[in-house]
Amino acid sequence: MTDSAIDPATCSQPRFSGSQLLIKLLERQGITHVSGVPGGANLPIYDALTDSSIKHVLARHEQGAGFIAQGMARVSGKAQVCLASSGPGVSNLITAVADARLDSVPLISITGQVSQDMIGTDAFQEIDTFGLMLPITKHNWMLRSAEELLEVIPLAFEIALSGRPGPVSIDIPKDVQNQLIEVECLPEPGRRQANPVFDRQQVESMLERIWSARRPLLMIGGGIVYAGAAESLVQFAECLDLPAVQTFMGLGILPDGHPLSLGMLGMHGAPYTNLVLEECDLVIGLGVRFDDRATGKVAEFCPQAEIIHVDIDHSEIDKIMRPAISIRADVGEVLQAAIGILEPVSRPIWRRRVEQLKANHPLMLDGEDELFRPYGAIKAVASILDDSVSITTDVGQHQMWVAQAYPFRRAGQWVSSGGLGTMGFGLPAAIGMALAQPERKVVCFSGDGSFLMNIQELATSAEHDLDIKIVILNNRHLGLVRQQQSLFYARNLSAVEFQQNVDYALTARAMGMKGIDLGVSDNPLAELESALMEHGPCVIDLPISETEMVFPMVAPGGANREMIHGESA
Amino acid sequence: MSTISLLKLTVNNHPGVLAHVCGLFARRAYNLEGVMVRPIAGGASKRSRMWLLVNEEERLQQLIRQTEKLIDVISVEQHDLEGSIFEQTEGFFV
Ligand SMILES: Cc1ncc(C[n+]2csc(CCOP(=O)(O)OP(=O)(O)O)c2C)c(N)n1
């Protein structure tokens, strides 16, 4: 077998190499961009790519490639493709695939593998991609012939998009990429399958239960965002006069300031939000999975409440909670069915009680008027920009401050690594978001620790001149770890301080883009404003104190009612 | 009382199916006590029958739903332990 290019024009029949067929099938799926890194075992795929309308975004690390594709998928709702070579290419990609699994993102990983005659010999850059991808994907394949592409590629898109979305992985040995086959007709592109059918009667019982409840509460999550059902949800909540807590993944479904919105619940939820959970008598969980960061100690979650659970994933129902009523369905379809038969209700007593809790136990955004304090920085950015902007983050304190304080006003405005909590997510995800929605500006709030984990992708964003603003809330520490050590390990600070500081503005310039350090600016607010408003990538270094904390905080494993409110330390 | 259950699976006869099923059990820490799998006779062996002996009580429903989600799993049924393949082959496991 040789390594050289194959020209199908010389064939009398519609003859393709495996790689050419793969690219053709991806085009037919409507793929316009793929992100990846080439290497020995996927050379034929890269060779075929040059003849395609598909644009390749060359990442600087495969994890970057995975998160770029994720960023595209998260804002577009379409399945997106990332490419890597065998061995280290695959192992570098793993984190982004695992992250997609936990946040239900339709990511399609296509990797090169050594030729089949070499498999099992510990060949150069051979790795068990099938075994590695198996526990972190919805489904995965290793192909044994080019013919299988005809079935597997459409099926991969179908699986990634259907039901609860998620990642899939296709490993393609090099000989399969090079194999020549005659193809008579190409298969139809894979699409999202019809949603599971549900019994309308169940919707009626759900509504009856809601009508008869006195203190009902909606708990809304990422499932609503993915189902494109935010508008129906608002209508449903308003008609039934239902206050709503949002999970981390559900932020933005109810616009900030909506009278029924109670913000985010859980570990870093507002005091009133977590206290409403104590008093409600019915929780209607829509597109949520009762994650431990949201529920706190499960046995003490909503102690007075019965649970209704609507989710498209059957295995989520009864996994954590024992709902009195459950519906396995697309949450958007359930809301539509419900809206058709709704009778408006108002609940003045319950609403007044909720308002009282809100007034007596507000979320204190300490320092929200000061630019060099976390909430102040976030509020300043929000006040400069409008709701068209998309927001993403890395992982740490800055992520939680943004989740608490940024005024999200549309579903899909907010993208963050929820389930896996991956530092390094932000920058490459922002690149993907900007590629998929070039008309929107993207702001990535980052921490200095997280930013360093995929900083190489600055070069990628400069190369594509994307409208991305990275705001580093720079505390020169692994802040969230420092916070946990301060609160739960008697301030025994261990390995959380960076003793070598990085000049991020200078690094940005070295990578071909603008960088500013607000810490040395004469007029930081004006400089922030102009940096945010102009088009193009920019790193904005904004120093804050390492003693800042995210409050309130529920200790991991603790009950939501036991919130720690504190001072900085 | 015994917490052992017997599950009868119909699965695609693909390479990797056993890995998907066992991988799921490993990843979610379900207790798997025994596995028997062979292609279903006739029908050009497109399907296999897989018998799983599992030791889960509280999480059995959850385990079944997770198993049903596997793409190559066509059906999962709970089955009587009595007279099962595991009973009949006990003599091989001494
Ligand atoms: C890849 C990865 N490694 C380690 C962690 C554990 N971790 C969670 S938050 C955190 C510190 C984050 O520091 P930084 O990005 O500077 O944000 P800050 O908390 O200071 O805002 C660490 C190390 C993680 N979430 N992801």
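The values are calculated or read from the model by the stated rules, or taken from the named source; none is laboratory data. These numbers come from a predicted model, not from an experiment. Virtual Cβ from ideal backbone geometry, glycine too; neighbours counted across all protein chains shown.
Key figures for this structure:
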item: Residue tally, condition among the acidic types (Asp, Glu), more than 11 Å from every other protein chain (Cβ to nearest Cβ) and surrounded by fewer than 16 Cβ atoms within 10 Å (Cβ to Cβ), over region A:115-146; result: 2
item: Count of residues meeting criterion [exposed (fewer than 15 other Cβ atoms within 10 Å of the Cβ) and among the small types (Gly, Ala, Ser)] in region A:546-567; result: 2
item: Every residue from region A:512-536 that is within 29 Å of A:Val481 (Cα to Cα) and crowded, with 18+ Cβ neighbours inside 10 Å; result: A:Gly515, A:Ile516, A:Asp517, A:Leu518, A:Pro524, A:Leu528
item: Qualifying position, being away from every other protein chain (no Cβ under 14 Å) and surrounded by 13 or more Cβ atoms within 10 Å (Cβ to Cβ), among B:Glu82, B:Glu56, B:Glu33, B:Glu68; result: B:Glu33
item: Any hit, region A:88-100, residues being surrounded by fewer than 24 Cβ atoms within 10 Å (Cβ to Cβ) and within 23 Å of B:Pro15 (Cβ to Cβ); result: yes
item: Some residue of region A:512-529 being part of a loop (DSSP other than H, G, I, E, B), outside the structural domain of A:Leu265 (by TED's automatic domain parsing) and hydrophobic (A, V, I, L, M, F, W, C); result: yes
item: Some residue of region A:225-234 being more than 19 Å from the chain's Cα centre (by Cα), at pLDDT 95 or above and more than 23 Å from A:Arg74 (Cα to Cα); result: no
item: Enumeration of residues in region A:530-546 that are in contact (Cβ under 8 Å) with a residue 40 or more places away in the chain and either touching a Pro at 6+ places or on another chain (Cβ under 8 Å) or not in a loop (DSSP other than H, G, I, E, B) (or both); result: A:Ala531, A:Leu532, A:Met533, A:Cys538, A:Val539, A:Ile540, A:Asp541, A:Leu542, A:Pro543, A:Ile544
item: Pair list, Cβ < 7 Å and 6+ apart or interchain, from region A:382-396 residues that are hydroxyl-bearing (Ser, Thr, Tyr) to residues that are part of a loop (DSSP other than H, G, I, E, B) and more than 13 Å from the ligand (Cβ to nearest atom); result: A:Ser388/A:Arg440; A:Ser390/A:Gln413; A:Ser390/A:Gln437; A:Ser390/A:Arg440
item: Residues (away from the ligand (no atom under 13 Å from the Cβ) and among the aromatic types (Phe, Trp, Tyr)) located in region A:409-426; result: A:Trp414
item: Members of region A:346-368 that are basic (Lys, Arg) and surrounded by 14 or more Cβ atoms within 10 Å (Cβ to Cβ); result: A:Arg347, A:Arg351, A:Arg353, A:Lys358
item: The one condition in (1) in contact with a helix residue (DSSP H, G or I) (Cβ under 9 Å, 6 or more places away or on another chain); (2) more than 14 Å from chain B (Cβ to nearest Cβ); (3) part of a loop (DSSP other than H, G, I, E, B); (4) among the charged types (D, E, K, R) that A:Glu184 fails to fulfil; result: (1)
item: Residue match in region A:295-304 (condition: acidic (Asp, Glu) and closer than 12 Å to A:Asn560 by Cα); result: yes
item: Residue check, A:Asp47 acidic (Asp, Glu), at pLDDT below 95 and surrounded by fewer than 22 Cβ atoms within 10 Å (Cβ to Cβ); result: no
item: Output for region A:346-385, where each listed residue is assigned to a loop (DSSP other than H, G, I, E, B) and basic (Lys, Arg); result: A:Arg347, A:Arg373
item: Top-ranked residue of region A:310-345 - restricted to ones that are within 14 Å of chain B (Cβ to nearest Cβ) and assigned to a strand (DSSP E or B), ranked as surrounded by the most Cβ atoms within 10 Å (Cβ to Cβ); result: A:Asp311
item: Search result, residues across region B:3-28 that are without any contact (Cβ under 8 Å) to a residue 40 or more places away in the chain and away from every other protein chain (no Cβ under 12 Å); result: B:Asn13
item: Residues of region A:386-408 satisfying the condition of being over 16 Å from A:Thr422 (Cα atoms), within 16 Å of the ligand (Cβ to nearest atom) and in a loop (DSSP other than H, G, I, E, B); result: A:Tyr406
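Residue-wise test of (1) in the same structural domain as A:Arg328 (by TED's automatic domain parsing); (2) surrounded by 21 or more Cβ atoms within 10 Å (Cβ to Cβ); (3) free of Cβ contacts under 8 Å to residues at least 24 places away in the same chain.
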site: A:Gln177; (1), (2), (3): no, yes, no
site: A:Glu188; (1), (2), (3): no, no, no
site: A:Arg191; (1), (2), (3): no, no, no
site: A:Ser205; (1), (2), (3): yes, no, no
site: A:Glu208; (1), (2), (3): yes, no, yes
site: A:Pro216; (1), (2), (3): yes, yes, no
site: A:Gly221; (1), (2), (3): yes, yes, no
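Residue-wise test of (1) touching a helix residue (DSSP H, G or I) at 6+ places or on another chain (Cβ under 8 Å); (2) within 23 Å of A:Gln397 (Cα to Cα).
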| residue | (1), (2) |
| --- | --- |
| A:Gly515 | yes, yes |
| A:Pro524 | yes, yes |
| A:Leu528 | yes, yes |
| A:Met533 | yes, no |
| A:Cys538 | yes, yes |
| A:Glu546 | yes, yes |
| A:Met549 | yes, yes |
| A:Met553 | yes, yes |
| A:Glu562 | no, yes |
